[in-house]
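Just below is one structure, and these are the notes that go with it.
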Amino acid sequence: MTTVKDITRLIEEFAPLCLQESYDNAGLVCGNPEAQISSVLLTIDITEEVIDEAIAGGHNLIISHHPLIFQGIKNLLPDNYVKRCLVKAIQHNLNIYSAHTNLDMAPHGVSARMADKLELIHQKILHPAGKLYTFSFYTPLADAERVRTAILAEGGGHIGQYSHCSFNTEGKGTFQAHPGARPYVGEIGKIHEEQEVKTELTIPQHLLNQSIRTLLAAHPYEEPVWNITELDKANPITGLGIIGELPQPADSLTFLRQVKEIFHCSGLRHSPICKPVIEKVAVCGGSGAFLTRDAIAQKADIYISADYKYHDFFEAENQIIIADIGHYESEQYTKEIFYELVTKKLSNFAIQFSKVTTNPVHYLL
Ligand SMILES: [Zn+2]
């Protein structure tokens, strides 16, 4: 039988929780990691309608993109929809899980799904973010390769299109074991010299803890030594937004109409069409106005995002076309990511897309 934990582990392997923004609240917000799951409902937002749909459909796990809870809750009175949803979820043993800004930041996350819908090629992260570290450790010469191999197997040591990147220097380590110690080599009370290898490799934040656990498990010493140094560059494969190219240049107005259709927009707001042809396209799911300058700097012809305010549109400055397609519209396909992640390795439960359109924004046409 599949548990909540089995499912959330798959999502977090793809979108580690440590990638989420400080204001965010991704993860399991209601329920029990050990609860058994027979049916999953996928949604962008959690509303009372979605909770009712889950109860009526016999779903016991709801996976959403936007978390239900963002702020502290001091009581469970039924005076707003968040608390009413929570109480009803608890009464019906519903588990609620969300992957939000961690899924925005993950490689092939929310914005990459938008880019795929637009069939962009040569996709890369528009605004790299996520910490990178140098992880260094000292191993006796005879064990160095085995320990290094075990740690690299956790996924560190990737630079661009290269894997297993490490730098290894030989040197002499010294130590003296004191009574109570159980030294791997050397004798209690005698200074020992050991030929050791210092291994250095680059590692992203989300692999740090597991890599340290692996070091401790694989290393022969009682007290392995390691150092972690934060690098001054962001991880190029995690971050916000995507920039890519259209397979064929497109007439700007025709392309805008296609975007409107692909994202099922009732309306689409855009800045002046300052470019006749679109080749390079930047996208960011959700509120992405803060990345306009990144899109201009990387010579995108159009930047597709949402939640633009009046003054934000002036930032286009005839250098780019800004297209605001709506927050929900930009993120609607995120549900597909959940579906694929969860069904790729697990199959002994039902899974369904919510039939509720949770978009709170409507247009009078
Ligand atoms: Zn959003």
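One table, with the values for the structure above:
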| read-out | value |
| --- | --- |
| Rounded to the nearest 10 Å², the accessible area of Thr139 at probe 1.4 Å | 0 |
| Whole-percent pair-distance distribution, where bins are 5 Å wide, for the alpha carbons of region 72-182 | 2, 7, 10, 10, 10, 10, 9, 10, 9, 9, 6, 5, 2, 0 |
| If the convex hull is drawn through the Cα atoms of region 132-230, its volume per residue in Å³ | 92 |
| For region 204-278: accessible area per residue (Å², 1.4 Å) | 56 |
| For region 16-75: span of alpha carbons on each principal axis (Å, largest first) | 34, 24, 23 |
| Accessible surface of His311 - all protein chains present, 1.4 Å probe, nearest 10 Å² | 130 |
| Dipole of the chain [Lys/Arg +1, Asp/Glu -1 at C-beta], most positive-end residue of Thr8, Thr357, Pro220 | Thr357 |
| Area of Lys275 that stays accessible when all protein chains are in place (1.4 Å probe, Å², to 10) | 50 |
| Accessible surface, per residue, of region 1-97 when the full set of protein chains is kept, probe 1.4 Å, Å² | 47 |
| Rg over Rh [alpha-carbon atoms, Kirkwood Rh] for region 268-350 | 1.15 |
| Estimated vicinal HN-Hα couplings, Hz - region 149-155 in sequence order (Karplus 6.51, -1.76, 1.60; Gly, Pro = x) | 4, 4, 6, 4, 5, 6, x |
| Sulfur and carbon atoms: percent of accessible area, region 99-173 [1.4 Å] | 53 |
| Extent along principal axes [Cα atoms of the chain; Å; largest to smallest] | 85, 54, 38 |
| Of the trypsin sites (Lys or Arg not before Pro) in region 183-244, those whose Cβ has at most 10 other Cβ within 10 Å and which sit in DSSP loop | Lys190, Lys233 |
| Rounded to 10°, Cα long-axis angle of helix 252-262 versus longest principal axis of the chain | 80 |
| Dipole magnitude of region 172-285, debye to nearest 20 (Cβ charges: Lys/Arg +1, Asp/Glu -1, about Cα centre) | 560 |
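The values are calculated or read from the model by the stated rules, or taken from the named source; none is laboratory data. This one's a predicted model, so the numbers in the text were calculated from it and none came from an experiment. FYI the Cβ positions are ideal-geometry reconstructions off the backbone, even for glycines, and counts take in every protein chain you see. Calculation scope for accessible area: heavy atoms of the full protein, side chains included, ligands and nucleic acids excluded. Shrake-Rupley method; radii C 1.70, N 1.55, O 1.52, S 1.80 Å.
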